[in-house]
Amino acid sequence: MKYNIYIKSFLLFNFFVGFYFTATGQENTIVQIEKLTKPKSLLSQIDSKEIYKQYNLGLEGASAMPDSLVAFNEHPFLNGLVNAYQNHRPFTFSPDMFWVLISQGFARNVANHSEELREKLVGFDGKKELIVDGDKYNIALGNNSSDWEKVFPDFNQQIEKYSGKKLNDILICDFSTTTPVSKIVSQITVMEAFKNYFDYKVTYIGCGLPYVTLEGTLKDWQKLRTKTEYLSQYKLAWWTKELLPILDKLIEAKKGKIDKTFWKNTVKFRTEDAPYGPFDHINGWITKFFPFDNKGNQRQLGEIVTSSSLASEIVKVPFILEELTSKQAYKMEFWGGFIGCTQNATDFGLKPELGWAVNNVAKQKLNRDTAQAKSYLKNLRTDLDQIAFDKEMAKLLKLKEESHLNNALADYGKVLELKNVDEIPDEVFNQNYFRVLVIRFRSIIKIPDKLTKVRIDKLYLFGTISENEKASIIEMMPKTKIVFNTTEPINWF
């Protein structure tokens, strides 16, 4: 009898007959095939937290699981079913389980025939990058509050724009048995199916304000709003209408009503051509408090490319100081505004500080001219060092004759290092050739098109730059070896 049991059809094993309703209300059907002896014991189980450890995952998020599970490596469905068959254990199926198996097969078939199916599935060449703003879902490495569950439908919605709603709906689990977990599994399977057409990226800033302190009373903040609204009559309605909703949020916070989404959007970093890029341009509601650029032109109150492009946070009012006895007049300025930030040694917090000064313009000019002269002398010394460097290189090359020396210096090329620059000076573009050019930007790396006209063997760039911009610069200068933000010593040879 036992022998007969084991050679029966694979699908004919222990089920019970009957119907019952789960807590969710769906109807379960229990089918008994034949009566078999019950197994003698339970299978050994492991703590569900150990399940992912067997894969050595660097786990950042996972679905909720039962306290313990029977481990069957990467094939729990098939191995579990075979074990149930061999040891007379009941087994449970659901539409979701079968659909995940079927959709996984679909995904792998697409991988095998991605080019043949390209026109039918997406209708574009190459690969597109799909980006999810992780900040919306509190995504960050090591953050147990990361809301990964919302990332998957976000990607699926983007895929649907190309694949069409019909196919996307077909591939997603939507049965009466579907749980949030099974739906997410099907959404991940959709991403697997389209991975030859899309690169997936989740971005997050990794920055933020742990908290802010709002000084003053509620009445102070309400007065701030009233005073701001009053200014609208002076051709400033275009600005004040943007500020008032922000001030309302500040007043709400003072009352204890905290809108975390609002506060998380105080400052954001975005690139010009990508909504979820690296630290290139400044966004966030704080940008609306800077209505003019450094040339006095009205801004659109959107992103700030760099703070140096803005009107100064210090205003400078000219006046004349006149000595009545001698009738000697001096050009002067009153300065007032933000002069720096104090730092709290306990919580490392920063607080902008206001200050004022009286400036003697003539003395300021003298000081400026002195500083420029010192800078010129420093640069001259650098140029002299450069000449000495080139001569030493000539010695190393054993080129002692004057004519050979000149040719060697011309052939060997110039070596130049620029430090703490915002923009590349024009003198660089006047050169024909650099063997090694090192540019250390103060913040954002800016490479104008005219640099491509200078022949450069090796270009070292230091500063803030996105991956897209790196690729663009490399494409602009295909014959130049370009190194970004290296920590290795500069190779001058």
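Given axes a ≥ b ≥ c from the Cα gyration tensor, I'd like to know whether the range 413-484 is rounded (a/c under 1.5), prolate (a/b larger than b/c) or oblate. Oblate, since a/c reaches 1.5 and b/c is not below a/b. Here LYS446 is the anchor, and the aspartates and glutamates within straight C-alpha reach of less than 18 Å, apart from those fewer than 8 places off in the same chain, are GLU272, ASP273, ASP280, GLU303, GLU417, ASP422, GLU423, ASP426, GLU427, GLU467, GLU469, GLU475. Candidate cross-link partners of LYS363 among the aspartates and glutamates, defined by an alpha-carbon separation under 18 Å and a same-chain spacing of 8 or more, comprise GLU322, GLU323, GLU333.
Pairs of alpha-carbon atoms within less than 8 angstrom and 6+ residues apart define the contacts here; what relative contact order does the range 97-203 have, in percent? Walk me through the numbers before you get to the answer.
Values: 111 pairs, mean separation 48.6, N = 107.
With pairs under 8 Å counted, the relative contact order is 45 percent.
Classification of the range 97-203 by its C-alpha gyration tensor yields an oblate form. The axis ratio a/c (a ≥ b ≥ c) is 1.5 or more, and b/c is at least a/b.
Residue-wise HN-Hα couplings along the range 152-167, as the Karplus relation 6.51 cos²θ - 1.76 cosθ + 1.60 with θ = phi - 60° gives them from phi, are 5, x, 5, 4, 4, 5, 5, 4, 4, 4, 9, 7, x, 5, 4, 5 Hz; Gly and Pro carry x. Inter-label distance, ASN360 to TYR52: 6.8 nm, where each label sits 7 Å from its Cα along the C-beta direction.
If each residue of separation counts as 0.36 nm, what is the full-extension length gain between LEU214 and ILE188 once their alpha-carbon separation is subtracted? If you can, show how the numbers build up before the last one.
Working: separation 26, 0.36 × 26 = 9.36 nm, distance 4.31 nm.
Difference between extended and current length: 5.0 nm.
As a proxy for reagent exposure, HIS75, HIS88 were ordered by neighbouring Cβ count within 10 angstrom, fewest first; the result is HIS75, HIS88. Only lysines eight or more places from LYS35 in sequence, or on another chain, were considered; those with a Cα closer than 29 Å are LYS2, LYS8.
Beyond 28 Å in Cα-Cα separation lie the following of the pairs LYS49/LYS260; LYS201/LYS257; LYS241/LYS264; LYS419/LYS450: LYS49/LYS260; LYS201/LYS257.
No value in this document is a laboratory result; all are computed from the given coordinates. Just so it is clear, the structure is predicted and the values come from calculations on it, not from any experiment. For neighbour counting, all protein chains shown are included, and Cβ atoms are generated from backbone atoms with ideal geometry for every residue, glycine included.
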